[in-house]
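Peer 1: Pasting a structure below so you can have a look.
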Amino acid sequence: MRVAIIGFGAVGQGVAAVLADPVHGFTLTGVADSRSAIMNGDGLNPEEILAKKKETGLCGIEGKSAADILASGVFDILVEASPTNANGGEPATSLIRSTLRSGRHVVTSNKGPIASAYHELKAIADEQKVGLGYEATVAGAVPVINGIRHGLAGNTIRSLYGILNGTCNYILTRMRDEGLTYQQALQEARDLGYAEADPTYDVKGIDAAIKLVILANTLLGMNVTLSDVDISGIDLVTVEALNLAEDEGSTVRLIGEIIPERKIIRVSPRVLALDHPLVVDGTLNAIQVCTDMAGHVTFIGRGAGAQPTASAILADLISIRDYYGGRS
Amino acid sequence: MTCRRVRTHRCDNVRVSMKLELKDTPGQLLGALKPISDIGGNIITVIHQRDGTSAENTLIVDITIELPEHKLESLIATLQERGCGVVRVGKERLHQKRSLIMIGHLMHTDLTDTVDHIDQTGYAEVSELHMVMPAINEPSTAKITIRAESPEDMRRAISILHEVTARKEILVLEPLEGME
Ligand SMILES: NC(=O)c1ccc[n+]([C@@H]2O[C@H](COP(=O)([O-])OP(=O)(O)OC[C@H]3O[C@@H](n4cnc5c(N)ncnc54)[C@H](OP(=O)(O)O)[C@@H]3O)[C@@H](O)[C@H]2O)c1
């Protein structure tokens with residue numbers, strides 16, 4: 001099947017690198033970044049485009065854009081990997097909507113459109129009988145979306161708790177292990193490239209909250225928006241808090257929590273026993289669900305990075321090919 | 001700075017466990033339970049131990065009851081008058097316990113008032129407070145232990161704490177436990 005990638009940063013490039021391997025059987029036919037685009041129905045050479053992006057900062061022809069790829073129609077699946085806009089998800093939401101309406105599949109790592117318009121986009125996908133994959137939007141490589149939807153199909157989810165932001169988890173891990181203050185640990189995370197120059201979105205718990213909205217709306221039968229999430233971040237957590245927790249054999253982690261029955265959806269720093277399965281170190285992510293039949297099930301793994309995220313996108317691409325492949 | 005405090009219970013219903021020693025003859029157990037209901041107590045559980053340790057013709061019974069605290073002494077006296085040995089009494093009113101961490105300007109925002117909001121509920125109280133102040137004008141951190149009668153009361157107490165602390169811009173870290 002033919003794949004076009006919109007957004008050619010860490011994730012988009014990671015996907016192109018994966019598609020370069022013919023073993024997966026996909027053909028790259030379009031790529032766009034913020035200032036350029038390139039497309040060819042017969043196939044592009046991913047390695048050449050990666051090299052060009054590295055040298056010039058552009059992946060294609062200046063002045064062309066994602067809209068031109070869409071108009072050309074030379075793809076079967078659109079991989080949308082442009083920056084997350086937490087507020088409505090534009091321009092990606094419109095792009096995904098038109099792609100689905102044109103009868104093409106979409107796989108995205110972009111949280112914005114899924115958090116703000118999932119029900120609408122899913123309805124269009126169903127009507128057009130095409131796939132909408134978004135495994136990469138929550139917890140990177142960890143197959144939590146497909147794991148819950150398919151692996152735990154038929155179960156009722158009573159509660160969901162998760163470590164959904166690697167930056168926060170890294171900072172809290174370092175505060176505990178090395179006795180660093182919040183500011184010191186944040187600086188270290190920045191130096192290592194785990195935190196953005198403006199870390200607000202991560203440390204205030206907003207990123208984790210958007211992921212909770214996605215989980216709530218797409219898997220737990222809820223219909224909530226970001227403003228329904230009760231959010232506290234980790235920026236006020238003190239070393240003394242970690243020490244007091246440690247005295248009781250516990251520590252502090254930023255936890256996303258959903259209890260559908262009690263209409264609880266919140267992100268907050270919590271005190272957890274050190275041997276709790278959700279106490280994972282560094283930038284790892286972890287999600288634990290409790291269901292009526294399976295009991296507790298815990299997913300742990302890499303929540304970010306070009307390759308782990310490409311892994312989730314590739315899994316969605318392959319699922320779509322397996323399910324719809326015969327048709328196109 | 002570190003301060004701890006331990007409070008005494010108020011005069012409310014208490015949950016009490018007792019080990020009773022009865023003669024193993026018909027009607028004895030009923031005779032022991034009757035005074036409990038007579039004084040308005042609630043019988044929660046009754047467990048017979050017929051095995052091993054007790055002497056011949058003696059029946060050991062573990063009971064758990066709820067009753068007004070001030071009636072406990074007279075109940076024990078009544079039971080003993082009736083020839084029923086009270087081997088052990090364990091009092092337990094607030095059997096739910098949760099420790100939370102608070103971060104913020106705890107002293108400047110009237111810590112006593114924060115604690116009073118819980119203590120005034122009648123169904124929950126702050127049994128321990130451990131505060132660490134790194135420096136004047138820096139946010140302080142405290143571990144606060146709340147006891148309550150039931151999980152529902154605990155939930156109510158914690159939500160009161162959230163309301164009070166939100167007004168004072170204090171961050172509350174709840175434990176993650178009782179995963180449903
Ligand atoms: N990085 C991760 O580990 C990770 C994990 C899971 C999900 N995600 C999500 O995946 C998405 C991409 O993340 P990333 O880390 O790859 O971000 P990134 O490195 O900042 O890359 C974003 C890319 O999107 C391009 N872009 C911006 N606006 C565009 C537009 N209007 N049309 C087309 N392209 C546009 C940028 O173009 P220029 O190159 O010209 O600037 C850039 O190539 C985000 O939504 C992110 O939240 C990331």
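Peer 1: Between residue B:108 and residue A:177, what FRET efficiency follows from the Cβ-Cβ distance if R0 is 25 Å, with the result rounded to 0.05?
Peer 2: 0.20
Peer 1: For residue A:198 and residue A:263 in one chain, what is 0.36 nm times their gap in residues minus the Cα-Cα distance, to one decimal in nm?
Peer 2: Separation in residues times 0.36 nm, less the Cα-Cα distance, equals 20.2 nm.
Peer 1: OK, next. Tell me, Kirkwood radius of segment B:13-92 from alpha-carbon pair distances, in Å?
Peer 2: 12.6
Peer 1: Follow-up question, since we're still on this one. Which of these, B:129, B:72, B:30, has the largest mean-square fluctuation under a Gaussian network model of chain B (Cα springs below 10 Å)?
Peer 2: Of B:129, B:72, B:30, the most mobile in the Gaussian network model is B:30.
Peer 1: What are the extents of the Cα atoms of segment A:144-302 along their three principal axes, in Å, largest first?
Peer 2: Each principal axis gives a Cα extent; for segment A:144-302 these are 45, 32, 26 Å.
Peer 1: Sticking with this structure for a sec: Distance cut-off 20 Å, Cα to Cα: go down the list B:71/B:91; B:19/B:91; B:143/B:168; A:53/A:111; A:53/A:211 and report the pairs above it.
Peer 2: A:53/A:111; A:53/A:211, as the Cα separations exceed 20 Å there.
Peer 1: What distance in nm separates the simple spin-label points at residue A:307 and residue A:54, each placed 7 Å from Cα in the Cβ direction?
Peer 2: About 1.5 nm separates the two model spin labels.
Peer 1: Thinking of segment B:96-173 as a set of Cα atoms, what percent of all their pairs are more than 15 Å apart?
Peer 2: 50
Peer 1: Considering every Cα-Cα pair within chain A, what fraction, in whole percent, is farther apart than 26 Å?
Peer 2: In whole percent, the long-distance tail amounts to 48.
Peer 1: Check each of the chymotrypsin sites (Phe, Trp or Tyr not before Pro) in segment A:115-163 and keep only those in coil by DSSP with at most 13 other C-beta atoms within 10 angstrom; list them in order.
Peer 2: Answer in residue order: no site qualifies.
Peer 1: Whose amide H sits under 5 Å from the amide H of residue A:34, counting only residues 5 or more places off or on another chain, with H placed in the peptide plane?
Peer 2: A:8
Peer 1: Could you please state, rounded to a whole Å, how far the C-alpha centre of segment A:99-114 is from the C-alpha centre of segment B:128-171?
Peer 2: For segment A:99-114 versus segment B:128-171, the Cα centre distance is 44 Å.
Peer 1: Express as a percent, rounded to the nearest 5, the fraction of DSSP beta bridges in segment A:144-302 (both residues included) that run antiparallel. Working shown, then result.
Peer 2: Details: 27 of 29 bridges.
Bridges in segment A:144-302 are about 95 percent antiparallel.
Peer 1: If you take every DSSP beta bridge fully contained in chain A, what fraction is antiparallel? Give it as a percent rounded to 5.
Peer 2: Once the DSSP bridges in chain A are tallied, antiparallel ones form about 65 percent.
Peer 1: Working out 0.36 nm times the residue gap between residue A:21 and residue A:323, then minus their Cα-Cα distance, what length gain in nm do you get to one decimal?
Peer 2: 106.6 nm
Peer 1: Give me the angle, in degrees from 0 to 90, between the Cα long axis of helix B:28-38 and the longest principal axis of the Cα atoms of chain B, rounded to the nearest 10.
Peer 2: 40
Peer 1: Given a Förster distance of 25 Å, report the FRET efficiency between residue B:163 and residue A:119 from their Cβ-Cβ distance, rounded to the nearest 0.05.
Peer 2: The formula returns an efficiency of 0.15 here.
Peer 1: Please give the residues of segment A:209-232, grouped as numeric ranges, whose backbone N is less than 15 Å from a label point set 7 Å along the Cα-to-Cβ vector of residue A:90.
Peer 2: It comes to no residues whatsoever.
Peer 1: I want to check the label-to-label distance for residue B:39 and residue B:76. Put each point 7 Å from Cα in the C-beta direction and report it in nm to one decimal.
Peer 2: Going from the residue B:39 label point to the residue B:76 one covers 1.0 nm.
Peer 1: Residues with amide H under 5 Å of residue A:255's amide H, sequence separation 5 or more or different chain, H placed in the peptide plane at 1.01 Å from N; which?
Peer 2: A:268, A:270
Peer 1: Over all residues in A:239-248, what is the mean tally of Cβ atoms on other chains that come within 10 Å of each residue's Cβ?
Peer 2: If you average over the peptide's residues, the count of other-chain Cβ atoms is 5.
Computed from the coordinates by the stated procedures, all read-outs in this text should not be read as laboratory data. Quantities reported herein were computed from a predicted structural model and do not represent experimental measurements. Ideal geometry is used to build each Cβ from the backbone, glycine not excepted, and the neighbour counts take in all protein chains shown.
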